[in-house]
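The values are calculated or read from the model by the stated rules, or taken from the named source; none is laboratory data. Computed from a prediction, not measured in an experiment: that's the story for all the values here. Virtual Cβ from ideal backbone geometry, glycine too; neighbours counted across all protein chains shown.
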Amino acid sequence: MRLKGYDYSQAGAYFITICCQYRLHRFGNIEDCEMILNEFGQIAFDEWGKLPERFANMELDIFVVMPNHFHGIIVLNNLVGAGLAPTPNNDTMRNNVPTQNNDITGDIRAGVNPAPTENKNATGTIGDIVGAYKSLVANASLDIYKSKDETMGKLWQRNYYDISFAMKNLF
C-alpha cells in the first residue's frame, strides 16, 4: 500500500482513499447520481474539514465521501524552509502501484498514534493525518452506536491507499 522508501512527511499532494471494513455502506447512499450522507457520512465529511486545525503543515483540496469509502487530497507544506525531496522516477512508481487487498481478516486499527487534540500547531506525516482522521470518525460514530445500544464493529479497513505528487510537479 505504501511506496517503498518514500518519505510521507515531505511536501506534496497526496490522493488518499480510505475504505470501510468489508466495504459496508456506512456513510449513506447514492440517489439520482448524488451522494446522500447519513449521520456517519456527515461525521466523515465534518472531521475531514477540521484536520487543518490539528495539523499546521497541511491543507485540504477536493474530497468526496462515498457510501463505503472516502477520497481526498491532502497537501503537505514544508515548514521551517525544508527542501523538497526528489520524487521517485516513473519506473519506481510503476513498479510499486498498490493493488487491492481483499484480505478482510487482519487487524483493523485506525493507527498507532492517537489524534492530536491539544497542540493545534502539530505537524504530521500522511500516516499521522490519516490515522487521526480514521480515529476521529470511528470514535464519533461509535458514540452514536453506543447511544442506540448497538454494536458498530470495525469501521475502517486496515491502512489506506495513496498516490503522491511532489510539489514541484504541481506547478
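Summary table
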| read-out | value |
| --- | --- |
| Scan of region 42-63 for residues that are in contact with a helix residue (DSSP H, G or I) (Cβ under 9 Å, 6 or more places away or on another chain) and assigned to a strand (DSSP E or B), ordered by number | F55, M58, E59, L60, F63 |
| Options S164, S141; residue that is within 18 Å of the chain's Cα centre (by Cα) and either at pLDDT 95 or above or surrounded by fewer than 16 Cβ atoms within 10 Å (Cβ to Cβ) (or both) | S141 |
| Inter-residue pairs, beta-carbon under 6 Å, first closer than 13 Å to F15 by Cα and in region 152-171, second modelled with pLDDT of 80 or more and among the aromatic types (F, W, Y), 6+ apart | D162/Y14; I163/F15; S164/Y14 |
| Any hit, region 31-41, residues being at pLDDT 95 or above, outside any helix (DSSP H, G or I), among the acidic types (D, E) and on the phi > 0 side of the Ramachandran plot | yes |
| Region 14-28 - residue that is in contact with a Gly (Cβ under 9 Å, 6 or more places away or on another chain) and either of a type in the set (S, T, N, Q) or in a loop (DSSP other than H, G, I, E, B) (or both) and, of those, farthest from E59 (Cα to Cα) | L24 |
